[in-house]
1. Amide H of ARG59 versus every other amide H placed in the peptide plane: which residues, excluding those fewer than 5 positions away on the same chain, fall under 5 Å?
2. Once label points are set 7 Å from the Cα along Cα→Cβ at both GLU112 and ASP60, what is their separation, rounded to one decimal in nm?
3. Taking 0.36 nm per residue of separation and subtracting the Cα-Cα distance, what length does fully extending ARG53 through ARG14 add?
4. So what's the back-of-envelope 222 nm ellipticity for the chain, counting only DSSP H runs of four-plus at -39500 (n - 2.57) apiece and dividing by all residues, rounded to 500?
5. Taking θ as phi - 60°, what are the ³J(HN,Hα) couplings along segment 76-83 by the Karplus curve (6.51, -1.76, 1.60), each to the nearest whole Hz, with x for Gly and Pro?
6. Relative contact order (percent) for segment 2-127, with alpha-carbon contacts under 8 angstrom and 6 or more residues of separation?
7. Return one number: the angle in degrees, 0 to 90 and rounded to the nearest 10, between the long axis of the Cα atoms of helix 100-113 and the longest principal axis of the Cα atoms of the chain.
8. Which angle from 0 to 90°, rounded to the nearest 10, does the C-alpha axis of helix 2-39 make with the longest principal axis of the chain?
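No value in this document is a laboratory result; all are computed from the given coordinates. Just so it is clear, the structure is predicted and the values come from calculations on it, not from any experiment. Quick reminder, even Gly has a Cβ in these numbers, built from the backbone with ideal geometry, and neighbours come from all protein chains shown.
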Amino acid sequence: MAREARELQQREERQRRELERQKKRELARGKAKTILLEHLDGSQREEYEKHQRFTVISRDGKRVYQIKQGYQHNVFLLNPEGKPIREYCGHLRGGYEIPHEDHMLAQKLMLESGAEEEFLKVANVRRLA
């Protein structure tokens, strides 16, 4: 009887801790989304709100990328017609614990700010066309 009570107590404690983790993740994701939206211009914000993606132009203006909601394989180099020709997987260390919106903002900043070359060096790439 004491063993069953102890197991029940342990199970309830695990459930309580998991609920706390979920609440913290939801709070972090909400904050990350707010910060992301603050760093998007009007057209990027509109695209993100409609399609959970946005378009960025490289610092030199020669390349156009699309960053989609997600953790990995979510950055695409677009051809002049707007079709994806390369898929990149380049994300922050810490993986799945970091909100997608934080990954997306880091990718945006790297591609737009002149760190594009560094992003392309570390990202896995797959040709699509």
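1. HN-HN under 5 Å from ARG59: GLY114.
2. In this crude label model, GLU112 to ASP60 measures out at 2.0 nm.
3. Full extension from ARG53 to ARG14 adds 10.5 nm.
4. -18000 deg cm²/dmol
5. Residue by residue, segment 76-83 yields 10, 7, 9, 7, x, 8, x, 9 Hz.
6. 21 percent
7. 30 degrees
8. Value to nearest ten degrees: 20.
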